[in-house]
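What follows is a short report on a single structure.
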Amino acid sequence: MRMKKVQIHRVLAAALLMLPMVGRGGDTAGEGSFVGGSNVGGSAAYQRDPDSGMWTSMPIGIPDNPFGYRFELVCFDDTTGYLECLAGNQDACTAGEDGRLVYWFSGLRNTDPATWLRVSDTPSCIYSEEPVDIGEQIQQQILTAFQERPIAAGKVVLQPSPHTLVGMETNVYVEAAEQVFEMVLLEQTIRIVATPTEFELNYGDGTVYGPTAGPGAPLSQDRWGEQTRTSHKYAASGDYQVGATVHFSGTYSVNGGPMIPIDGRAAVSSEPQTLRVWRAETRSVADNCLVNPNGVGC
């Protein structure tokens, strides 16, 4: 089905929901009507009128009710037919094929339909085919689309680096930023915002910290060696690959609409940083470095 770029909405006056539908209306040009009986196919949101064959969000098929309904196309002329005269509303009925704005009229079904009163000053939509709920389809696909975005991984920062000492607190933290993506999904413009919300640190020696809500923070150089929430002590010398996984939560909007939370997250791993852990040794020496410049500790 051909879909158009629109805000996902349905135009329907609240008063319409309060009125049952049954009975046949007039069959004049530019008009349609609903008859009683069971619903003819369709979803809970839209029903097919067995008389005109059009799909509508109006409630129909309620038996034993004295009220009937008919619709008149907005901007209908007996000579030229449907007019594109509502420039500001031409894109109002785009949930399905051949959408048209109509006004609804209601009255006792045993009276002349021409005398029925307009239900609301707000027009609603009819369609030649059953409308598809694009919003629901997008919701079903948005998590996969979000997780497939090229989200930039967080950067692991080590203090000190690239060398540290056995038994020394090495401060580790992650730099990660919120990211925005624009895409087209089901012919709708989608805006996705990825926000880092949890962090998991892998120190490379079998120790993992997190997930945690805090990415850690830098220390000034004169404070290197202090314990922090994300710092780590290495028990043995060697080279270690220190990495991080950042969990991004997402929100999205459709065609500039409100932001909607995405039910699920994207986990993005950073490029590991190599940290060389050295062992410090202390020796007592008796050499005079002025006499023996090559002595231990000189």
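The values are calculated or read from the model by the stated rules, or taken from the named source; none is laboratory data. Bear in mind the structure is a predicted one, so any value in this text is a computation, not a measurement. Using ideal geometry, Cβ is built from the backbone for each residue, glycine included, and neighbour counts are taken over all protein chains shown. The protein model used for the area step is the full one, side chains on, heavy atoms only, and it has no ligands, DNA or RNA in it. Shrake-Rupley method; radii C 1.70, N 1.55, O 1.52, S 1.80 Å.
Looking only at segment 218-275, count every residue that is open to solvent by 30 Å² or more (accessible area, probe 1.4 Å), outside any strand (DSSP E or B) and hydrophobic (A, V, I, L, M, F, W, C) and tell me the total. Selection size over segment 218-275: 4. If you go through segment 181-209 and pick out every residue that is open to solvent by 40 Å² or more (accessible area, probe 1.4 Å) and part of a strand (DSSP E or B), you end up with 11. A Cβ distance below 9 Å, combined with a sequence gap of six or more or placement on separate chains, defines the contacts here; from segment 118-146, residues that are crowded, with 18+ Cβ neighbours inside 10 Å reach residues that are in a strand (DSSP E or B) and of a type in the set (D, E) in the pairs I142/D263.
Of all residues in segment 104-117, count the ones that are surrounded by fewer than 16 Cβ atoms within 10 Å (Cβ to Cβ) and in a loop (DSSP other than H, G, I, E, B).
Residues that pass the stated criteria total 3.
Going by the structure shown, is E178 surrounded by 15 or more Cβ atoms within 10 Å (Cβ to Cβ), out of contact with any helix residue (DSSP H, G or I) (no Cβ under 8 Å at 6 or more places or on another chain) and either at pLDDT 90 or above or closer than 23 Å to D263 by Cβ (or both)? So E178 does not fit the description; no. Exactly one residue out of P162, P150 is free of Cβ contacts under 8 Å to residues at least 60 places away in the same chain and of a type outside the set (A, V, I, L, M, F, W, C), and it is P150.
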